[in-house]
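Below: one structure, written as structure tokens.
The values are calculated or read from the model by the stated rules, or taken from the named source; none is laboratory data. Because the structure is a prediction, the values reported are computed rather than measured. All Cβ positions, even for glycine, are placed from backbone atoms using ideal geometry, and neighbour counts span all protein chains on display.
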Amino acid sequence: MSVSTQPEATDRDFSQATIDICVVDDDPSIVEMLGETLSNFGYRCFGTSDPQEALEFVGNGKGRIVLCDLKMPSMGGWTFLEQALHRDPGVYVILMTGFYSIDSAIEAIKHGAYDYLPKPLDRQRLKKTLADLAQQFDRRRRIHDLQQRLVSYLEFHGIVGRSPAMIDVLEMARKISRHYVNVLLAGPTGSGKELVAHAIHQMSPVANHLFAVCNCSAIVDTLLESQLFGHIRGAFTGATETRAGLFEYADGGTVFLDEVGETCLAMQAKLLRVIQNREIQRAGSPEVRRVDVRLIAATNRDLRSEVAAGRFREDLFYRLSTIQIRVPSLAQRLEDVPALITFFIKKYNAAYGKQIQGLTGRAQTVLLRHAWPGNVRELENVISSASLVSLNDFIDVHDLPEHLQKPERAATPAKFWRPMPLEEVRREHIERVLDLCSGNRVRAARMLGIGRTSLYRYLKREGRARPATGIPAA
Ligand SMILES: Nc1ncnc2c1ncn2[C@@H]1O[C@H](COP(=O)(O)OP(=O)(O)OP(=O)(O)O)[C@@H](O)[C@H]1O
Ligand SMILES: [Mg+2]
């Protein structure tokens, strides 16, 4: 039953006019009467005698306030309160009863009701209760707007975060951007190295030239050589035409080499030549060509220990690392998490056509307690999937991925410890990392610190030999 009459002009203001209130009472005459009263106050009203219908109203995120009778034959007010809060913890339920007592009122508030009103309802009291709520909504909306504006202040070339650790990174990036020839960006996977590389290029004198990206770990060595340096016709089987590589293509601009620590020693020798002499040779060609490029390389490995282990050329390491910027893990700058959440909610509201306002308090607590092994990329994935599944204005715990819904396991692993065979620990760990990387095996192998082939071999042994689900963004 939908009720709407002309509102009392003096009672109406902007925030009330945008608030939907649901009235549920088994007595249809009360539903009608209350509907009229609320419309006169200036609210939009939806009335029903069916508690199930009212719960759907709550579940669909249509209304934030419910006025509910305590004694209804099909479902009591207490059960309704519990189920409504389960569907949307942000809903405000006001219980109405003809059997009012202070004890039961306190009990109702303890169980999550916003208020507990005696029947017949006192018009002025109801008006005041709803006006307080409308004011609270208004305040929240203003805080939300302020947060949105704050995020744009906290954004720098698409990089959100003003923790002291990030300020250092951005300050260094700004300082070197006018002068760099080679830069090394170190930091764990998903921490934002590519974003920082892009910002450095954008602030550089060659900003109007190309920023070319190559992910060295995503392609096999022979293809990598051809991609970076180009090849001549007939250089290898399938080379049907002569092609320029990325260094020539980006001449005058910047080449970003992601995962430089994954390159083989032969490739490293060729990179050293580019850095030292700005010279390249297309595969299969004796001709030496000069290129004028700036180079930004990134790695999530500790290159110094790679040098010690003989897997990375020492001379290349010293050449690359004359300017080194370390991008901190998200765990080292948890104060950036709230601004990043606001930023990603805005991003995915636009992408999915949603109007999510934020997170419920308990969902926020879960995210602030998490260790973020996948760093900002993991946080972005969490907000993206939660935005997609959430039906309400606020993302709640049940919208978050399953592994986050049981935070105590991650927070206190010792409590859950049991003696397990090493093989089982290994299997569980690999599964969790694969889960974290959304099944992306290249990224998972990197996070596990093992080679791609070792991971493929392991999965094959486990009978999971289907093809990898993707390669990291280049
Ligand atoms: N400070 C930040 N503000 C906004 N978005 C960010 C920030 N840091 C990272 N991101 C986003 O997180 C994702 C991962 O970032 P990026 O690709 O730059 O990480 P990376 O360090 O290069 O990771 P990898 O080592 O796996 O290549 C991207 O979608 C990026 O836009
Ligand atoms: Mg990267």
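Tell me which residues, restricted to the stretch 228-257, are more than 20 Å from Leu316 (Cα to Cα), under 35 Å from the mean Cα position of the chain (by Cα) and crowded, with 20+ Cβ neighbours inside 10 Å. Within the stretch 228-257, Gly245, Ala250 qualify. In the condition set (1) crowded, with 17+ Cβ neighbours inside 10 Å; (2) closer than 27 Å to Gln83 by Cβ; (3) not aromatic (Phe, Trp, Tyr), Gln147 is compliant with all but (2).
For the stretch 154-179, filtering for residues that are away from ligand 1 (no atom under 11 Å from the Cβ) and in contact with a strand residue (DSSP E or B) (Cβ under 6 Å, 6 or more places away or on another chain) leaves 1. Of all residues in the stretch 304-317, which are aromatic (Phe, Trp, Tyr) and either surrounded by fewer than 18 Cβ atoms within 10 Å (Cβ to Cβ) or part of a helix (DSSP H, G or I) (or both)? Within the stretch 304-317, Phe317 is the sole residue that qualifies. With a requirement of 3 or more residues that are over 15 Å from Gln324 (Cα atoms) and touching a residue at least 60 places away in the same chain (Cβ under 8 Å), the strands (runs of 3 or more DSSP E) lying completely within the stretch 173-275 that satisfy it span 211-215. Looking at Phe99, Phe137, just one residue is surrounded by 13 or more Cβ atoms within 10 Å (Cβ to Cβ) and aromatic (Phe, Trp, Tyr), and that residue is Phe137.
Here is the figure for the stretch 69-118: residues that are within 31 Å of the chain's Cα centre (by Cα) and part of a loop (DSSP other than H, G, I, E, B) total 5. For the stretch 132-155, state whether one or more residues are in contact with an Asp or Glu (Cβ under 7 Å, 6 or more places away or on another chain) and in contact (Cβ under 8 Å) with a residue 24 or more places away in the chain. Taking every residue of the stretch 132-155 in turn, none turns out to be in contact with an Asp or Glu (Cβ under 7 Å, 6 or more places away or on another chain) and in contact (Cβ under 8 Å) with a residue 24 or more places away in the chain. The helices (runs of 4 or more DSSP H) found entirely in the stretch 348-446 that carry 3 or more residues being modelled with pLDDT of 85 or more, over 30 Å from Arg301 (Cα atoms) and under 14 Å from the mean Cα position of the chain (by Cα) are 375-389. In the stretch 318-330 there is at least one residue matching the filter, namely being assigned to a helix (DSSP H, G or I), more than 20 Å from Ile383 (Cβ to Cβ) and of a type in the set (A, V, I, L, M).
The residues on offer are Ala197, Ala250, Ala212, and the sole one that is closer than 30 Å to Ala371 by Cβ and out of contact with any Lys or Arg (no Cβ under 6 Å at 6 or more places or on another chain) is Ala197.
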